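**Student:** Pasting in a structure now, in structure tokens, and then I'll have a few things to ask.
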Amino acid sequence: MSLRLIFFSGLLALFAFGAAKKTATATGENDDLILTATLYTDPADIKDLVGSDLDGHYFVAAVKVQPKYGKTVAVSRDDFQLHCFDGNDTARPFVASQIAGQSTLVVAKAGDEDGKHKNKPRFTVGGMGGLTGPTTEYDNAPAKVKDERDAGKPTLEKTLNEKILREGSIEQPVSGLLYFAMEKHKLKDMELVYGAKETRIAIRFK
């Protein structure tokens, strides 16, 4: 092997080692179940997974819950939380409507019934953007919910809901996605925690 080829091979290995991982899979278990999870932190990977990068504000965990010894296990999304050791941030899973709901709450000044008069501050709440527009509130301001769904087209909310981890009692393995409001953290600092103290599983993504 030539010295040049050895040099370039070493250089490629160095780049591969130094590149920050953005996806990792890990497994943990307790007396009742085996939990396998793949954590996605890169917006491009998340877009491949659900059709949207979720504006870069979410991490997504693809989890598989497998009961042991023929047991019946109760699956609840509230039993999961994503923890970051860098900054000690924690997040619980969001449901699809919290991320991509298309109903918009419009709050307008009293007397401005349609919420469209010029030069009158108002704000909207809903969708991935959360709170948008001026945040001036008016006392006793009327609020209207404007539904912007297009029934003829699949929506992001529908996709997220179809892929989400289902809740309920299971005897067979189930798989699904969990959506966490988390961003700008390194994969090596992340931990997925399941269950209470007695049944706790903690998965590190190193």
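The values are calculated or read from the model by the stated rules, or taken from the named source; none is laboratory data. Nothing here was measured: the structure is a model prediction, and the numbers come from that model. Note that each Cβ is placed from the backbone with ideal geometry, even for glycine, and that neighbours are counted across all protein chains shown.
**Student:** When you scan segment 15-22, do you find a residue that is in a helix (DSSP H, G or I), of a type in the set (K, R) and either at negative phi or modelled with pLDDT of 95 or more (or both), even just one? Step through it out loud before you land on a result.
**Tutor:** Just the residues of segment 15-22 that are in a helix (DSSP H, G or I), to begin with: 15-18.
Within this subset, residues satisfying the condition of being of a type in the set (K, R) are none.
No, that holds for no residue.
Results for (1) of a type in the set (S, T, Y); (2) within 15 Å of I46 (Cβ to Cβ); (3) modelled with pLDDT under 95; (4) loosely packed, with under 13 Cβ neighbours inside 10 Å, shown as yes or no for each residue.
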residue: R166; (1), (2), (3), (4): no, no, no, yes
residue: Q172; (1), (2), (3), (4): no, no, no, yes
residue: Y179; (1), (2), (3), (4): yes, yes, no, no
residue: K188; (1), (2), (3), (4): no, no, yes, no
residue: V193; (1), (2), (3), (4): no, no, no, no
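**Student:** A further question follows. Does F80 qualify as being within 19 Å of E157 (Cα to Cα) and at pLDDT 95 or above? Outline the logic, then answer.
**Tutor:** Details: within 19 Å of E157 (Cα to Cα): no; at pLDDT 95 or above: yes.
It is false that F80 is within 19 Å of E157 (Cα to Cα) and at pLDDT 95 or above.
**Student:** Kindly list, by first and then second residue, each pair from a residue in segment 178-199 that is within 15 Å of A24 (Cα to Cα) to a residue that is polar (S, T, N, Q) and in a loop (DSSP other than H, G, I, E, B), limited to pairs with Cβ atoms under 7 Å and residues at least 6 apart or on different chains.
**Tutor:** Every condition considered, the pairs that remain are L187/T41.
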